[in-house]
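Derivation of every value follows stated rules applied to the coordinates shown; laboratory data play no part. Note that the structure is a prediction, hence the values are computed from the model and not measured. Quick reminder, even Gly has a Cβ in these numbers, built from the backbone with ideal geometry, and neighbours come from all protein chains shown.
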Amino acid sequence: MRVGIVGAGIAGLTTAWALARRGVDVEVFEQSAIPNPMGSSLDEHRIIRHAYGAMRGYALMIPRAFVAWRALFAETGQDRIVPAAATYCLRMETDWYRHVATCLDHMGVAYRNVSAKEVARDLPMVNREGVLRVVETQGAGLLRAGDVVRDLVAHLPRHGVRLRAMEEIVSLDVDGGRLNGEGFDAVVVAAGAWLPGLLPGLAENPRASVQTVVYLQPPSRLAAAWGRAPMLLNRLPTRSGGVYILPPLAGLRLKAGDYDHTYEGDPSAPRVPKVEHVEAVLESCRMALADFDEYRVIEAKSCFYTVTENERFALRRIGARGWLVSACSGHGFKFAALMGLSAAEGITGERAEAEVSAFMAGRLTEDVLPSG
């Protein structure tokens, strides 16, 4: 079997990995260098955690996601997860806790309420004003995203995958299985933010969304506290709904980003963060962190995700010989190894297309738990 993949981001690379380990002949087409410096996959670190609020289907997929990552790391020889608790600082009354507690209990993942006294003692960087509840969840960590991508780029050619950089797709035929005139048994479109332009008119109506993150230098008096800090995920009464703050562990930098989907900009244009996007992240940081004026902005970066209204993953057949592989949510990296394995199962016929599609959209897991 010969498969052509469009896109050398994390989704395309993990799909290539999963197919190659099954003996499939794989070629990956990328319009830029590999790794693509403008790809959203090439970031320092991303979150992997079990708490997903009302998105119970995705929460219940996380244990399988960890298994998939361990399989990949066993082959690349590098474990790229930095363990860190995920601690949620809640400043709004929502049903988030009820959903999360139900899922974590079902999965056997430890969690606990953190007392105000513990927050003051162990989390001096947290702005305690307005905090209603602090919840610490275990089994989480930081995925060293850029390292994972670079590991795959080095690993795949040794296992027969041909990485074809600087090859823009000028013709795509998902019925005939052709990329730029070359024939394949199957073509996989994993083009990330470039998907809407490459395949207009998809039923999911994916849209490119720019997201801005800020790297910070904490004050020296808090260096030790940040060196043992958990991930801080803050639900806030702001337009974006909050800010996530990743601690500077294992040589990584302190990073903050919000949850806003900003449907503007061109993923192919130079990545210059807009002042208003940076300020929106910093505004949320001021609410989440005490004495935020003591922090220094080191760098601001923008990346693009492909997002749909319902934020469900899209893994399905398109045309007679095509497959769509897209996270469509901004949650893609943590599930990437699992998505690659699932895509390979569908493409090779190991699992029925409908089952694979429903699984990656969370539909096969979300009904496991009662709705109450």
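Assorted remarks:
- The chain - charge dipole about Cα centre, Lys and Arg +1 at Cβ, Asp and Glu -1, debye rounded to 20: 840
- Dipole orientation for region 2-366: of the candidates PRO247, LEU156, THR308, PRO247 has the Cα lying most toward the positive pole (charges on Cβ; Lys, Arg +1; Asp, Glu -1).
- Between helix 336-347 and the chain: long-axis angle, C-alpha atoms, 0 to 90°, nearest 10: 30
- For region 217-366, averaging the sequence separation of C-alpha pairs within contact (under 8 Å, six or more residues apart) and dividing by the residue count gives a relative contact order of 16 percent.
- The HN-Hα couplings worked out from phi for region 87-99 by the Karplus form 6.51 cos²θ - 1.76 cosθ + 1.60 (θ = phi - 60°) are 10, 9, 9, 9, 10, 9, 7, 9, 8, 3, 4, 4, 5 Hz, whole numbers, x standing for Gly and Pro.
- Positive dipole terminus of the chain, leading residue within ASN234, HIS331, PRO218 (C-beta point charges): PRO218
- Per residue of the chain, the DSSP helices (runs of n ≥ 4 H) give a summed -39500 (n - 2.57) that works out to -8500 deg cm²/dmol at 222 nm.
- Convex hull of Cα atoms in region 153-234, direction-averaged projection (nm²): 10.4
- Helix axis angle, 56-76 relative to the chain longest principal axis, alpha carbon, degrees: 70
- Using θ = phi - 60° in the Karplus curve 6.51 cos²θ - 1.76 cosθ + 1.60, the 3J(HN,Hα) couplings for region 245-261 round to 10, 9, x, x, 9, 6, x, 8, 9, 5, 10, 9, x, 9, 9, 6, 9 Hz; x is entered for Gly and Pro.
- Nonlocal amide H pairs with VAL188, under 5 Å, H built at 1.01 Å: GLY4, ILE5, VAL6, TRP323
- Given charges at Cβ of Lys, Arg, Asp, Glu: the chain dipole, positive-most of SER342, CYS89, MET38: CYS89
- In order along region 11-21, the Karplus-derived 3J(HN,Hα) couplings, from 6.51 cos²θ - 1.76 cosθ + 1.60 at θ = phi - 60°, round to 5, x, 6, 6, 5, 4, 4, 5, 6, 4, 5 Hz, and Gly and Pro are given as x.
- Largest to smallest principal axis extent of the C-alpha atoms in region 2-366, angstrom: 63, 43, 39
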